[in-house]
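The values are calculated or read from the model by the stated rules, or taken from the named source; none is laboratory data. Predicted model only: the values in this text are computed from it and were never measured. Side chains included, ligands, DNA and RNA excluded: accessible areas come from the protein's heavy atoms. Shrake-Rupley method; radii C 1.70, N 1.55, O 1.52, S 1.80 Å.
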Amino acid sequence: MLRQADAREPIPVFRGEARTFCWIGDVVRAIRLVLESGETGAFNIGADGQAVALADVARLACELTGAPQELIEEVEPPPGRVMTRISIERIRALGWRPEVPLDEGMRLLLESLRGAAPA
């Protein structure tokens with residue numbers, strides 16, 4: 001969505017869908033913690049907070065890039081889509097918590113995208 005907003009391209013979003021988002025740096029910290037802990041087995045890593053509507057994420061992408069919100073196109077999701085929630089209790093028990101909120105993570109990603117763009 002950030003790339004599309006920055007390029008002033010249409011941003012299709014599924015109407016009524018929401019997700020939780022976890023900054024990649026937080027994911028890396030979690031993986032490192034698991035590896036250093038010596039624990040074995042499966043660990044779910046991600047955010048388990050309040051889900052954010054995809055339309056709201058698209059609006060934030062437009063705000064961060066200065067793009068017009070008219071780029072956002074709400075479309076019907078394909079039939080039969082299932083939204084899942086994960087339990088991150090195992091990783092939380094090791095002391096991990098996601099730290100970077102969505103808006104900050106998107107700002108950091110935008111900086112990275114713009115920094116990697118060819119001149």
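Points worth noting:
- Listed by number, the DSSP H helices of the chain that run 18 Å or longer by alpha-carbon position along their axis and have mean Kyte hydropathy of at least -1.0 are 24-37, 102-116.
- Here the chain has 55 percent of its accessible surface on carbon and sulfur atoms, given a 1.4 Å probe and all protein chains in place.
- Helix-only arithmetic for the chain: the sum of -39500 (n - 2.57) across DSSP H runs with n ≥ 4, divided by the residue total, places the mean residue ellipticity at 222 nm at -12500 deg cm²/dmol.
- Options [x] 1.73; [y] 1.22; [z] 1.13 - which one matches Cα Rg over 2.2 N^0.38 Å as calculated here: [y]
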